[in-house]
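*Asks:* Provided herewith is a single structure, encoded as structure tokens, for subsequent inquiry.
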Amino acid sequence: MGVYHAGELAAQAKAGVSAEAARVGAIVRTSVPAAAAAFLAERPMIVVGAADEDGRMWASLLTGPPGFLRAESGRDVLDIAAEPLPGDPLAGVLHRGGRVGAIAVDPGTRRRMRINGVAEPGPHGVRIVADQVYSNCPKYIQRRDLLAVREERQAEVTVSSTLDSAASVLVGSADTFFLATSSGSGDCDASHRGGGPGFVRVHDERTLSWPDYPGNTMMMTLGNLEQNRRAGLLFVGWSSGTTVQLTGTAAVDWTGPARETRFTVEQVRRTIGASPLRWGEPELSRFNPAVA
């Protein structure tokens, strides 16, 4: 089988990048190379995307000290010595097992690594048996330094069907978020989206949109949306440790002068104290287009 499913091929054709995507697809591996294993071992965070018991997509943040992500070079296994916070929508699926996508980002060096596969219980948390392993370019990643780790924290969760004012402010001022999607056959992917502060527009309490900037041409996220409109978004308050998780549906508008994705909110989870990591002010990517 090829690297891409039918939805990804359709999205590549719509974008006019089929030939380039065919070449780029050679970077996808089924095992973790040595450089990727070393990169993962140094990371204090990873984002995992999957569907919950009701088929809704979510993206969840897992954190730990360097070394909590462990992969052996040449093998297809990533062990994560962490679990989601109690009550997290993905706690069940990560315990029982199922299709997942994961992305590890280093804001300090603007590097990122994506791993898609099957989750199962691991020796100290979660294990992902990978069938796709690949890195992406540093475009649209804002550089940040990790300033502190707050080990003791009390998570406070607010659940609603719409964006409240606090969630709207975090989302509307974001320069980064993570996006979980799934193909029609259930294969999951977690990706990164970045831009200037305000590149995500909050139209009302249930509607967001953002521009889809040119990237690696693989169209794995947009290809999934060709087959399954369910999506999960994760916004991180880098200096506060607060997260906003959204689940809902997304649709891509291919008709305008630039691609745009519109998202309809079904549920919101705002968690104060979700992350112990405290990051400094961003150095914005030089690739970020101007925000209108």
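The values are calculated or read from the model by the stated rules, or taken from the named source; none is laboratory data. Note that the coordinates shown come from a computational prediction; the quantities given were computed from them, not determined experimentally. As a convention, Cβ positions derive from the backbone with ideal geometry for all residues, glycine included, and neighbour counts pool all protein chains shown. Protein only, heavy atoms only, side chains kept; ligands, DNA and RNA dropped before computing areas. Shrake-Rupley method; radii C 1.70, N 1.55, O 1.52, S 1.80 Å.
*Asks:* Quickly work out the ALA35-to-ARG278 label distance, labels modelled 7 Å from Cα along the C-beta direction, and quote it in nm with one decimal.
*Replies:* It is 3.5 nm.
*Asks:* Additional query: Can you compute the helix-only [θ] at 222 nm over the chain? Use -39500 (n - 2.57) per DSSP H run of at least 4 residues, normalise by all residues, nearest 500 deg cm²/dmol. Please report the intermediate quantities before stating the final value.
*Replies:* Working: 6 runs with 47 residues, N = 292.
When only DSSP H runs of four or more count, the value is -4500 deg cm²/dmol.
*Asks:* Between the alpha-carbon centers of the range 228-292 and the range 1-73, tell me the distance in whole angstrom.
*Replies:* After rounding, the separation between the Cα centres reads 18 Å.
*Asks:* Here is a follow-up. Report, please, the projected area of the chain averaged over directions, based on the convex hull of its C-alpha atoms, in nm².
*Replies:* Values: hull surface 55.1 nm².
The Cα convex hull of the chain, projected and averaged over all directions, gives 13.8 nm².
*Asks:* Which net charge results when you count Lys and Arg as +1 and Asp and Glu as -1 among the other residues whose beta-carbon is under 12 Å from that of ASP106?
*Replies:* Numbers: positive: ARG43, ARG110, ARG111, ARG112, ARG143, ARG144; negative: GLU42, ASP145.
Net charge around ASP106: +4.
*Asks:* Ordering ARG112, ARG23 from largest to smallest accessible area (1.4 angstrom probe), what's the sequence?
*Replies:* Values: ARG112 25, ARG23 160 Å².
Highest to lowest solvent-accessible surface, that is ARG23, ARG112.
*Asks:* Starting from the residue with the highest accessible area, list LEU9, LEU69 in decreasing order, probe 1.4 Å. Write down the numbers at each step before the final one.
*Replies:* Values: LEU9 90, LEU69 0 Å².
Final ranking, largest accessible area leading: LEU9, LEU69.
*Asks:* Moving on. For the chain, give the percent of accessible area contributed by carbon and sulfur heavy atoms, probe 1.4 Å, rounded to a whole number.
*Replies:* Details: 6210 of 12290 Å².
The computed percentage sits at 51.
*Asks:* Please report Rg over Rh for the range 32-155, where both radii come from the alpha carbon positions and Rh follows the Kirkwood definition. Spell out each step's value before the answer.
*Replies:* Numbers: Rg = 14.0 Å, Rh = 14.8 Å.
Over the Cα atoms of the range 32-155, Rg/Rh equals 0.95.
*Asks:* Another question, then. Looking at the chain as a GNM with Cα springs under 10 Å, which of ASP52, ASP189, ASP253 has the largest mean-square fluctuation?
*Replies:* Highest fluctuation among the options: ASP253.
*Asks:* Using a probe radius of 1.4 Å on heavy atoms only, what accessible surface per residue do you get for the chain? Whole Å² is fine. Working shown, then result.
*Replies:* Details: 12290 Å² over 292 residues.
Normalised by residue count, the accessible surface of the chain is 42 Å².
*Asks:* Provide the net charge surrounding ASP164, with neighbours chosen by a C-beta distance below 12 Å and charges set as Lys +1, Arg +1, Asp -1, Glu -1.
*Replies:* Values: positive: ARG206, ARG269, ARG270; negative: GLU205.
Summing Lys and Arg as +1 and Asp and Glu as -1 gives +2.
*Asks:* Got a number for the accessible area of GLU42? Probe 1.4 Å, square angstrom, nearest 10.
*Replies:* Result for GLU42: roughly 110 Å² accessible.
*Asks:* Pull out the extension gain between CYS137 and ALA155, defined as 0.36 nm times the separation in residues minus the alpha carbon to alpha carbon distance; nm, one decimal. Write down the numbers at each step before the final one.
*Replies:* Numbers: separation 18, 0.36 × 18 = 6.48 nm, distance 3.33 nm.
Extending this stretch completely gives an extra 3.1 nm.
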